[in-house]
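Structure first, commentary second.
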């Protein structure tokens, strides 16, 4: 049987890890330095961006779940969630390889990266469908909340000047950690779903 706490934990870990990636916070810090924004304004913007990223990710995931259940009448959601997990893992790995081969600088990203939805929550939402609507809502709220908190905390750390180690992090490294979390999620769903 699925455990709500496991899915809450997975959603929280994925949200936090994803917001630590420099491609999310570096554009905001660069923009705020360029425009001379104060700390309060930057923290408000980071909270807003964390919310928008979490919210759009949840909306896309819920929409995909609705399409799968209502239109395609999918009932084997255990299998679907594992397939989607594998698809998301392959997508992340493909992007990781592309980022490593390219010379894309994090500085070239825009604030839009912080708002765009991420496919990483989709398999978690699909897999948690048997738990019920209330539980999916709880998972969604946790994902959004952790996205806001993680992004704001990272920005606070960066503004405090402790960002040397964070700026050395490569987005690909964090993507690899997210991949491991998703693979473990697939294993959990397979054996306990």
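The values are calculated or read from the model by the stated rules, or taken from the named source; none is laboratory data. A quick note: this is a predicted structure, and the numbers were derived from the prediction, not measured. Heads up, the Cβs are rebuilt from the backbone with ideal geometry, glycines too, and the neighbour counts pull from every protein chain shown.
Quick notes on this one:
- Considering the conditions (1) within 24 Å of residue 183 (Cβ to Cβ); (2) free of Cβ contacts under 8 Å to residues at least 24 places away in the same chain, residue 21 is excluded by exactly one of them, (2).
- Segments classed as helices (runs of 4 or more DSSP H), wholly inside the range 65-165, with at least 2 members that are surrounded by fewer than 16 Cβ atoms within 10 Å (Cβ to Cβ) and modelled with pLDDT of 85 or more: 77-101, 133-159
- In the range 43-64, of all residues being within 15 Å of the chain's Cα centre (by Cα) and within 25 Å of residue 192 (Cα to Cα), the one that is surrounded by the fewest Cβ atoms within 10 Å (Cβ to Cβ) corresponds to 62.
- Check on residue 58, assigned to a helix (DSSP H, G or I), in contact (Cβ under 8 Å) with a residue 12 or more places away in the chain, touching a helix residue (DSSP H, G or I) at 6+ places or on another chain (Cβ under 9 Å) and more than 14 Å from residue 153 (Cβ to Cβ): yes
- Residues located in the range 21-42, provided they are surrounded by fewer than 19 Cβ atoms within 10 Å (Cβ to Cβ) and in a helix (DSSP H, G or I): 30, 31, 33, 34, 35, 39, 40, 41
- Across the range 172-186, the number of residues qualifying as farther than 14 Å from residue 124 by Cβ and over 15 Å from the mean Cα position of the chain (by Cα) comes to 0.
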